[in-house]
Each structure stands twice: as C-alpha cells, then as structure tokens.
Amino acid sequence: MIKKRILDAGRVRRIQGGFSFIPHRFRTDGFLASLDQAEILLYFFLVLASDRNGLSFYSYDAICTFLKITADAYIEARDSLIKKDLLAFDGSLFQVLDLPKEPAQKKHRQNHGRLKIEKLIQQSIGVI
C-alpha cells in the first residue's frame, strides 16, 4: 500500500469562505462513471457554485459561458442529472441533492447487460 504524505505543507487545502464538497462515494459507488462529460462538468460546476444546502441560482447563459458549452448540451446534461436523481431544478434555482443509494445508470446498465445476454442465449438455442 502507498503511504501518503503531505507534499507541500504550506498549501494544504482547507474550507474557507465558500462551502462545496463531493462525497468520496461519488467515485467509489459508480456515480462518476455513470455520467458523460457534459454531465460531469455541469455537476461539478453546480457543486462549486452551491451553498451548504446545495443551492445555487446561476442562469443557463452564465453556466454555458463558464463551461463553454452550448445551450443544447446544457439542457441535455441538466435534464439527465435531474433524471438520475442528482439534481433538482425549479426553473431558476438548482439544488445538488444528497447522493441516492446507487447510480441510476448502474441499474440500467445491469438490466441492459442481462437482457443482452438473455437475447444471445435465445439466439444460440434458436428461440429467436
């Protein structure tokens, strides 16, 4: 196992002023892997822009400018994050939500993989 040590003691990160964090399980439980690039970018931006309750109120044009993405990419990413239960949005106010038990995409991928295997089995035995 790799032993960790502080590399630059004068530059250790601390929470000062603002408040934002991403739980470790965002990576370890597969949430990060379940998102595409635009979703990751928007999610991280909203985490950075939010207060301690996960609330922020940036307009779509400001977000698109900051992230250098199109309005269509923003809308697609926003709607997907809402569908994946990572984000709430009321038209002007965002809330980054506490992580659900597991990533929504993970459930879909597991079912899709099982259905694909079942279809291959059926094809090989001549059912289809």
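Since every read-out is calculated from the coordinates, none of them should be taken as a lab result. As the structure is a computational prediction, the values presented were derived from the model and not from experiment. Cβ sites come from the backbone with ideal geometry, for glycine too, and all protein chains shown count toward neighbours.
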Excluding residues on the same chain fewer than 8 positions from Lys101, give the aspartates and glutamates whose Cα lies under 18 Å from its Cα.
Asp29, Asp85
Protection proxy ranking, peptides 75-85, 38-48, 17-27, 53-63, average beta carbon neighbours within 10 Å, highest first
38-48, 75-85, 53-63, 17-27
Neighbour-count ranking [beta-carbon atoms within 10 angstrom, fewest first] of Ser50, Ser92:
Ser92, Ser50
When the chain is fully extended, how far beyond the present Cα-Cα distance does Arg25 get from Asp72, taking 0.36 nm per residue of separation?
14.0 nm
